[in-house]
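Structure first, commentary second.
The values are calculated or read from the model by the stated rules, or taken from the named source; none is laboratory data. What you see is a predicted model, and the numbers here were worked out from it, not measured in a lab. As a convention, Cβ positions derive from the backbone with ideal geometry for all residues, glycine included, and neighbour counts pool all protein chains shown. Ligands, DNA and RNA are stripped out before the accessible areas are found, and what is left, the full protein with its side chains, is counted by its heavy atoms. Shrake-Rupley method; radii C 1.70, N 1.55, O 1.52, S 1.80 Å.
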Amino acid sequence: MRLLAPQELVVSNPRFLCHAFRCHVFDLTSSIVIISALAVFSNWTAFSQTEVPKRSDSLPFRVALDKVTSSRPLPNGIEIHAGTAILQVTALRDDVLRVRVGAKGVMPEDASWAVLEPARTAKVNVKAESTDKSVGFVTSKLRLSIQRTPLVMTVTDLAGNVIAEDIPDHPIEFHGASFRVYKQSPEDEHYFGLGDKPGPLDRRNEAFANWNTDAFGWQESTDPIYKSIPFVITFHKGIAAGLFLDNTWRSSFDFNKELRDAYSFGSEGGPLDYYILYGPAPKDVVRAWACMTGTVPLPPMWSLGYQQSRYSYFPESEARRIVSTLRQDRIPADAIWLDIDYQIKNRPFTVDPERFPTFDKMIADFHDQHIHTIVITDLHVANLPNAGYKPYDEGAADNRFVHNPDGSVYSGIVWPGPAVFPDFTQKAARDWWGTLYADFAKKGIDGFWNDMNEPATFQTSSKTMPDQTQHRIDEPGFEKRTANHLEIHNVFGMQNTRGTFEGNLKIRPDQRPFVMTRASYAGGQRYAVTWTGDNSSTWNHLRQTTPQLINLGLSGFGMAGADVGGFAGSPQPELLTKWLEVAAFHPIDRDHTSMGTYPQEPWENGTTQDLNIRRKFIETRYRLMSYLYTTAEEMSRTGIPIMRPLFLEFPNASKDKHPIDLNTNNEFLVGPALLVAPPQYPDMRDDYDAVLPPVGWYDFWTGERLQQKNLDAMRVGNDNIPDNDLQISLHPSIDTLPVFARGGSIIPIQPLVQSTDEKPQGPLTLRVYPPNRPGDPCEGSLYLDDGKSYAFQKGEYLRLHFTCELSPTGVTVKVSPREGSFSPWWAQFSIEIYGATQPAANATTSTGPVTASYDSEQHHLTATIPDDGKGINLIINY
């Protein structure tokens, strides 16, 4: 949610101060209030230079690391002196290097909000290498070479492939407190990551700033927006690497804008501290990134269900109507969201008793209907001394709020009017913030929404706190000191969500917290899921969602979504339908819109036919819930996101090993086995071509095997796609979304339920999609637990592994014995083998013959087999 930016607004009712769609009640006595509203900028870059001393005042010098003046080996790396500067390169792992620079001969503080302490302090021994022209070292996977004059650092793998290399005529330079680093960029290298920044999937030929910004009305060219994740994945000729600048100040990345053969990164202040992560496969980089910054915790299963929201559902009768209609219309759903209007005058941690007279009972009634309630709890605490407002009284009594330079408490205008802000860089402040959720937890509220935490403020040109606002860092692992807002701004929202997550974990230690945030920094995935902020109800924003969510997943935030249907404005019926179709395959599926827009629940804004189509895709999501939850559990262990670019699974799909996604428009993978192929422009009426990796595919809806000939010949080149079967011609229509199942995969499908709390009735279906050739791999898996607690950490889970073997005479399907102590809801497996062209001659298991029916329309054989937990070996001969 976010205010619009009208010009001057004249308010005739003296009790309402209007920011865009939101009206706030104040005790005003004048008959006319003229409001000069904040203008929204799509690309804000200005800093107030008068509020703090210029950054160069603290470091009044220019330093260029242009030659090695001395060096010494370290057990885990090397230390270089370049005039007054020190450069240290150390190996944390054989495939992860850390580069630190002290411009004045002293290393900056060794601390990080992003990188986990065990990862940051890890060490491996290296073998030193030195010649007359260079110094360096080698690990079991990487070689570091630093040329003495000019100082050029090169990282290669042991085969000689360049991973990262400085540019000789652009050495690392400090200008006062700011710095910049340049790396060579081959013309066929590509870049991914940096979170949810708008624009194409590939960051090449783009430039970006990292400064968390309340960006209502953002467009494809807008930068910056809500999050700062200075992590990028490079991909060159099939070899992937990662680069992370661990710097919380305003930083920037330039990919081939300033120099066509270089990318660069830098910051206006703070430490030069960056990491290089080697693949060579993209998945290796993602896993290494997860080891460094943490993974998304295993989410509660209900958070993977369909969720209904808007700004705002009030009064209570309206919230109840929404839940009742979801159930009456048989639209599967798991959550309803309450925006700021459930509160007393927009004051966090309050409930308006006039609008919600039986709030506690409403929450309980929703639970009875298997609906979880998520409420917004913004971080701006209403500045209300002596008013009995608990969050202010407790925070003020213990000095928990952010200060001005003169020691007074900083106050800014946000939704409640004047507001103060917890100083989240203090552990004690976060701990206190977490206690504020106890009453809501007691009421049965299951999730919390931390919005406006860039932090956003009104009536300021910067749309945030002044630069000189003071934050008192009092945090394990950090020096105890005071920092101004320029250093803390980008981690403020992350630490807000940390307080929320950890507080809820203390209150309900065996219930997985669900926290959603708008702003964050690298590593923030440890505490909260996220979304792409205040998008618009346009076809282009539906298209923009795919690269945003993919890059978020590559950046660590694999549990993410976008406002389905768009937040600003009202979608046409066809747009809402198509958005609900695509979002059914996103990690988070939340329909959300702003005040003043038309209703956009699935039954609104369309015909009965539209509702039936929308319901069908939401139902498909619930049938896929076992697969989605299994993929989410994998993400919680490895960091591999639910929604994936094709190159993550198929890094060598093209002849010249460029990312195949550059040829696929807006396609994406859901887990390893499902490929979604919407048109490049979702509103176009023309036929279009989908490009599929060369492994063999099946139509997910019909079960038909796609006819493919020579798979090796189907690999695409660097330019136009050749005329072969890798290209599939599709016809767009309002009621279809092309989805394909990967050959060699086994996908669990469950019976339809109306919520994840409901126990499915019937067998678990295993859809077996055999590979094209005997000997090719064929596998799948399933993970299950109670979906809400941490009992899985004690062994109360179920894990199964499935395989299939294709032979000239048939197919063998194996189900492993159960792992873990959790009991499943099913008693039988319904095993469906796709690609069949005739009935089975016979089907047997270890206990004897079984019946295998044949469905010619869906192109599969089906055998239903009891599951005793000991494993199954099904042999079907044609």
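The sole residue among Gln572, Gln548 that is modelled with pLDDT of 95 or more and touching a Pro at 6+ places or on another chain (Cβ under 7 Å) is Gln548. For segment 840-854, enumerate the residues that are surrounded by 12 or more Cβ atoms within 10 Å (Cβ to Cβ) and touching a residue at least 24 places away in the same chain (Cβ under 8 Å). The answer is Ala840, Asn842, Ala843, Thr844, Thr845, Val850, Ala852.
For segment 812-839, the tally of residues that are farther than 18 Å from Arg705 by Cβ, touching a residue at least 40 places away in the same chain (Cβ under 8 Å) and of a type in the set (D, E, K, R) stands at 2.
Residues of segment 316-350 being closer than 24 Å to Ala387 by Cβ and of a type outside the set (Val, Ile, Thr), which ones? Answer for segment 316-350, where residues must be closer than 24 Å to Ala387 by Cβ and of a type outside the set (Val, Ile, Thr): Leu338, Asp339, Asp341, Tyr342, Gln343, Lys345, Asn346, Arg347, Pro348, Phe349. The set of residues in segment 531-559 that are aliphatic (A, V, I, L, M) and assigned to a helix (DSSP H, G or I) comprises Leu542, Leu549, Ile550, Leu552, Leu554. Against the criterion of being among the polar types (S, T, N, Q), out of contact with any Ser or Thr (no Cβ under 7 Å at 6 or more places or on another chain) and open to solvent by less than 10 Å² (accessible area, probe 1.4 Å), Thr469 qualifies.
Residue under question is Leu151, and the condition is that it be closer than 22 Å to Phe231 by Cβ, out of contact with any helix residue (DSSP H, G or I) (no Cβ under 6 Å at 6 or more places or on another chain), surrounded by 15 or more Cβ atoms within 10 Å (Cβ to Cβ) and among the aliphatic types (A, V, I, L, M); does it hold? Judged against the criteria, Leu151 is not a match. Selection within segment 179-222: residues that are of a type in the set (Ser, Thr, Tyr) and outside any loop (DSSP other than H, G, I, E, B). The member of this set that is most open to solvent (accessible area, probe 1.4 Å) is Tyr182.
So which residues in segment 476-497 are touching a residue at least 60 places away in the same chain (Cβ under 8 Å) and in contact with a Lys or Arg (Cβ under 6 Å, 6 or more places away or on another chain)? Within segment 476-497, no residue meets the criteria.
State which residue is farthest from Ala335 (Cα to Cα) when the search covers only segment 560-596 and only residues that are in a helix (DSSP H, G or I) and touching a residue at least 60 places away in the same chain (Cβ under 8 Å). Only one residue fits best here, namely Glu574. Looking across segment 408-461 at every residue that is over 30 Å from Met362 (Cα atoms), modelled with pLDDT of 95 or more and small (Gly, Ala, Ser), the one that is surrounded by the fewest Cβ atoms within 10 Å (Cβ to Cβ) is identified as Ser408.
When Arg644, Arg637 are checked against the criterion of being at pLDDT 95 or above, among the charged types (D, E, K, R) and in contact with a Gly (Cβ under 8 Å, 6 or more places away or on another chain), a single residue qualifies: Arg644. If you filter segment 637-656 down to residues that are open to solvent by 10 Å² or more (accessible area, probe 1.4 Å) and under 11 Å from Arg287 (Cα atoms), you find that the one that is nearest to the chain's Cα centre (by Cα) is Gly639.
Here segment 701-750 is the region considered, the condition is being among the polar types (S, T, N, Q) and modelled with pLDDT under 55, and the residue that is nearest to Pro682 (Cα to Cα) is Asn720. Taking Asp196 as the residue in question, decide whether it is of a type in the set (Asp, Glu) and closer than 30 Å to Lys104 by Cβ. So Asp196 does not fit the description; no. Restricting attention to segment 812-839, the residues that are open to solvent by less than 70 Å² (accessible area, probe 1.4 Å), touching a Phe, Trp or Tyr at 6+ places or on another chain (Cβ under 9 Å), over 23 Å from Gly787 (Cα atoms) and not hydrophobic (A, V, I, L, M, F, W, C) add up to 2. Taking the criterion of being farther than 27 Å from Ala91 by Cβ, assigned to a loop (DSSP other than H, G, I, E, B) and either of a type in the set (Phe, Trp, Tyr) or open to solvent by 10 Å² or more (accessible area, probe 1.4 Å) (or both), the residues of segment 238-275 that qualify are Arg250, Asn256, Lys257, Glu258, Leu259, Arg260, Asp261, Glu268. Taking each residue of segment 797-811 that is surrounded by 22 or more Cβ atoms within 10 Å (Cβ to Cβ) and looking for partners that are outside any strand (DSSP E or B) with beta-carbon atoms closer than 6 Å, six or more apart or interchain, yields Leu800/Ser816; Cys804/Pro770; Cys804/Cys778; Val811/Pro770. Applying the criterion of being open to solvent by less than 10 Å² (accessible area, probe 1.4 Å) and outside any loop (DSSP other than H, G, I, E, B) to the residues of segment 597-619, the residue that is farthest from Ala288 (Cα to Cα) is Arg614.
Close Cβ contacts (under 7 Å, 6 or more residues apart or on different chains) running from residues in segment 194-214 that are among the hydroxyl-bearing types (Ser, Thr, Tyr) to residues that are assigned to a loop (DSSP other than H, G, I, E, B) comprise Thr213/Trp44; Thr213/Pro224; Thr213/Ile225; Thr213/Tyr226; Thr213/Glu454; Thr213/Lys463. Restricting segment 515-543 to residues that are of a type in the set (D, E, K, R) and buried (at least 24 other Cβ atoms within 10 Å of the Cβ) leaves a set whose member that is nearest to the chain's Cα centre (by Cα) is Arg518. Restricted to segment 387-407, and to residues there that are open to solvent by 60 Å² or more (accessible area, probe 1.4 Å) and in contact (Cβ under 8 Å) with a residue 12 or more places away in the chain, the residue that is farthest from Arg498 (Cα to Cα) is Pro405. Note on segment 155-170: among residues that are open to solvent by less than 50 Å² (accessible area, probe 1.4 Å) and out of contact with any Lys or Arg (no Cβ under 8 Å at 6 or more places or on another chain), the one that is nearest to Gly279 (Cα to Cα) is Ile163.
So that you can scan it fast, the table gives a plain yes or no per residue for (1) among the hydroxyl-bearing types (Ser, Thr, Tyr); (2) at pLDDT 95 or above; (3) within 16 Å of Phe253 (Cα to Cα):
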residue	(1), (2), (3)
Phe137	no, yes, no
Leu151	no, yes, no
Val162	no, yes, no
Ile172	no, yes, yes
Tyr182	yes, yes, yes
Ser185	yes, yes, yes
Asp188	no, yes, no
Gly193	no, yes, yes
Leu201	no, yes, yes
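Here the strands (runs of 3 or more DSSP E) wholly within segment 406-491 that include at least 1 residues being closer than 23 Å to Ser252 by Cβ are 470-473, 481-484.
Scanning segment 564-585 for residues that are closer than 14 Å to Thr620 by Cα and surrounded by fewer than 22 Cβ atoms within 10 Å (Cβ to Cβ) returns no hits.
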